[in-house]
Amino acid sequence: MNNKQKDKQFGVGPLVHNGELYDFVNNIDVDFAFYKKWAHKVQGSVLELCAGTGRLTIPMKESGINIIGLDNTVSMINQARKKAKEKDLSLEFIKDDMRTFELNKRFSLIFIPFNSLQNIYSISDVENTFKRIKHHLYRKGLFIFDVFNPSIHFMVNGETNYVEQYRFTKEDGIEVVISEKCKYDPASQINRVKWKYEIGGNEFIEQLDMRCFYPLEMDTILKYNGFKIIEKFGDYNEAPFKSESPKQIYVCNIQ
Ligand SMILES: C[S@@+](CC[C@H](N)C(=O)[O-])C[C@H]1O[C@@H](n2cnc3c(N)ncnc32)[C@H](O)[C@@H]1O
C-alpha cells in the first residue's frame, strides 16, 4: 500500500474536527503557559500549525505575540475566525495543509500543539511536514511540538467497551454525549480510536486515528531530517522526559 492509499485509509471524522463541538470538548488551557512562554522568548513572528479553532492562537495574540494560524479544516478555521472577530482581533488564519504549505515568509517559532502531528500517518508525510517547517524557519528559529508518550497499556485497556468521556449541552439546547473506544493497530502504530457521538437521540460513530510516535523513533526522525533536539520534556511544566511521562514535548532548532 502506498502513502496516498494509507492516508485515505486513516483519518479523523468530521464531527471530531467540527469547530463548535471541538470547543465544547476542548475547553482547556493546560498547555497555554508553556507555548506562550516560548513564543515570548523568541521575540519574533510565530506560526501555529494545526491551529484549529484558535484555542491557543487567540489568547497568544491577545498577549502581544505576533502570531498567525494555519489549519486544513474549514469548520475549525471558520470557528477560529468567528471567535477572533468577536474579540475584534486582527488575526490571520490560513487554510492550508502542513505537509505542503508555502507562505513565502519565515518565522522565529513554528509550533504544532496538542498531539496534532499524530494526525499524520505515513513517515513520508512527517518528512514532508518537517521539510516545510525547516523551509519556513529562520536559521536560529525554534520548532516545538508535543505528542503523547504512547502507552500500549492504555490503548489495549481501552479496547473493550465505549467509555463516556464528555457530556455537554450545546447553545441550541441539544445534549451531546461522547464515548470512546480504542483499537491499537501494531503494524501502522495507529490507535484507531472510535468516538461515539449521541446528539439529541441520534448516534454517530466517528474515526479518530492517532499515529503513535515512540520516543526513540521520534528522536531519530528529527535527527535525520536535520533537527537538533534542544530540550525534551515530559509535561508542560518542563519536567524531563521519562518512561512515565504523559507527553513527549520537543524543542528543536535546525542542525
Ligand atoms: C487536536 S486539533 C488541535 C487544534 C488546536 N491547535 C488546539 O490546540 O486546540 C488538530 C487540528 O489539526 C488539524 N490538522 C490535521 N491534519 C492537518 C494537516 N495535514 N494540515 C493542517 N492542519 C491539520 C485539524 O484540522 C485540527 O484542527
Open item on the list: Quick test of your reading of the structure: S124 fulfils all but one of (1) more than 7 Å from the ligand (Cβ to nearest atom); (2) under 26 Å from Y236 (Cα atoms); (3) assigned to a helix (DSSP H, G or I); (4) of a type outside the set (D, E, K, R). Name the failing condition by number.
Closed with: (2)
Task: Residue check for K87: without any contact (Cβ under 8 Å) to a residue 24 or more places away in the chain and not hydroxyl-bearing (S, T, Y) - done: no
TODO: Name every residue in segment 37-60 that is surrounded by fewer than 22 Cβ atoms within 10 Å (Cβ to Cβ) and more than 13 Å from the ligand (Cβ to nearest atom), in order of residue number.
DONE: K37, W38, H40, K41, V42, Q43, G44, S45
Open item on the list: Condition first: exposed (fewer than 15 other Cβ atoms within 10 Å of the Cβ) and not in a loop (DSSP other than H, G, I, E, B). Now tell me which residues in segment 188-202 satisfy that.
Closed with: N202
- [ ] At least 2 residues that are closer than 25 Å to V251 by Cβ and more than 18 Å from the chain's Cα centre (by Cα) in each: list the helices (runs of 4 or more DSSP H) lying fully within segment 1-105 that qualify.
- [x] 32-42, 57-62
- [ ] Inspect segment 219-231 for any residue being assigned by TED's automatic domain parsing to the domain that holds D29, within 17 Å of the chain's Cα centre (by Cα) and among the acidic types (D, E) and give the result as yes or no.
- [x] no
- [ ] Kindly indicate whether Y138 is touching a Phe, Trp or Tyr at 6+ places or on another chain (Cβ under 6 Å) and either within 14 Å of the ligand (Cβ to nearest atom) or at pLDDT 95 or above (or both).
- [x] no
Task: Conditions (1) out of contact with any Cys (no Cβ under 6 Å at 6 or more places or on another chain); (2) within 11 Å of the ligand (Cβ to nearest atom): number failed by N66 - done: (2)
Open item on the list: Looking for something more than 23 Å from F168 (Cα to Cα), of a type in the set (F, W, Y) and within 12 Å of the ligand (Cβ to nearest atom) - is there at least one such residue anywhere in segment 20-30?
Closed with: no
Task: Subset of segment 94-121 that is within 12 Å of L49 (Cβ to Cβ) and of a type in the set (F, W, Y) - its residue that is nearest to the ligand (Cβ to nearest atom) - done: F114
Open item on the list: Considering only segment 169-183, I want to know if a residue exists there that is within 16 Å of the ligand (Cβ to nearest atom), among the acidic types (D, E) and assigned by TED's automatic domain parsing to the domain that holds V12.
Closed with: no
Open item on the list: With the requirement that a residue be farther than 21 Å from F114 by Cβ and in a helix (DSSP H, G or I), what does segment 203-255 give you?
Closed with: L216, T220, K223, Y224
TODO: State the number of residues belonging to segment 138-158 that are under 23 Å from the mean Cα position of the chain (by Cα) and free of Cβ contacts under 8 Å to residues at least 60 places away in the same chain.
DONE: 7
TODO: State which residue is surrounded by the most Cβ atoms within 10 Å (Cβ to Cβ) when the search covers only segment 130-175 and only residues that are part of a helix (DSSP H, G or I) and touching a strand residue (DSSP E or B) at 6+ places or on another chain (Cβ under 8 Å).
DONE: I133
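The values are calculated or read from the model by the stated rules, or taken from the named source; none is laboratory data. This structure is a prediction, so every number in the text was calculated from the model and none was measured. Cβ atoms come from the backbone with ideal geometry, glycine included; neighbour counts cover every protein chain shown.
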